[in-house]
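The values are calculated or read from the model by the stated rules, or taken from the named source; none is laboratory data. Just so it is clear, the structure is predicted and the values come from calculations on it, not from any experiment. So basically every Cβ, Gly included, is an ideal-geometry build from the backbone, and we count neighbours across all protein chains shown. These area figures cover heavy atoms from the full protein model, side chains too; ligands, DNA and RNA do not enter into them. Shrake-Rupley method; radii C 1.70, N 1.55, O 1.52, S 1.80 Å.
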Amino acid sequence: VADYKTEYSRRYEAYSAEGKKPLEVKAPAFVDEKSRLQEYQALYAPQDPGIAVGKPVRDNGKLDKEHSPSMVTDGKMDPETSCWWSGPAPKWVEIDLEEVRDVREVRVFPYWDGSRFYQYTVDVSEDGENWERIGDMSGNMTPANPIGTSHQFPARKVRFVRVEVLF
């Protein structure tokens, strides 16, 4: 350690003697719930809640007791007043829009804290039997963020949206 410090000091002095200034490097801060809420509000409030808010939801039953599937469509993004759908992966959740709609985007909002990433797929269906994959994040390694992930596609008739969390 002493040798490293000596060599680092020598190199720093030589660099500074040339009139150069070192680049300051900072590690990203951990994003706590309050900061996450502030970031969300600064970027997206008020936000259109979308057509899925308040719609019926079902899942494959693998969930934590306090994190029911209805949390998916409650329209709340505030981490201090809402909760989230949760449970061990693999798991899926399906939203019934209650009528066929023209849809061209599905936005998925996983829990975000600056470090967690999620691997999942998104499928849509007009009848609940024939499904089409419109989003494949099965290889995702990018942390979730407050704007979610937009899955855009040419407009089509959709009544059901299914998100399957793989990891």
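How about region 113-124: which of its residues are part of a loop (DSSP other than H, G, I, E, B) and aliphatic (A, V, I, L, M)? If the condition is that a residue be part of a loop (DSSP other than H, G, I, E, B) and aliphatic (A, V, I, L, M), then no residue fits. Counting the residues of region 30-43 that are without any contact (Cβ under 8 Å) to a residue 40 or more places away in the chain and loosely packed, with under 10 Cβ neighbours inside 10 Å gives 1.
Residues in region 125-147 that are in contact with a Gly (Cβ under 9 Å, 6 or more places away or on another chain) and either among the aliphatic types (A, V, I, L, M) or assigned to a strand (DSSP E or B) (or both): how many? Give the derivation first.
Going through region 125-147, the residues in contact with a Gly (Cβ under 9 Å, 6 or more places away or on another chain) turn out to be 143-145.
Filter again for either among the aliphatic types (A, V, I, L, M) or assigned to a strand (DSSP E or B) (or both), leaving 144.
The number of residues fulfilling the criteria is 1.
Mind checking which residues of region 103-133 are of a type in the set (Gly, Ala, Ser), open to solvent by 20 Å² or more (accessible area, probe 1.4 Å) and at pLDDT 95 or above?
Initially, region 103-133 is screened for residues of a type in the set (Gly, Ala, Ser), giving 114-115, 125, 128.
Add one more test, that the residue is open to solvent by 20 Å² or more (accessible area, probe 1.4 Å), and what stays is 114-115, 128.
Correct list: Gly128 only.
Annotation for region 148-160: at least one member residue is closer than 18 Å to Lys91 by Cα, in contact (Cβ under 8 Å) with a residue 12 or more places away in the chain and either not basic (Lys, Arg) or not in a strand (DSSP E or B) (or both).
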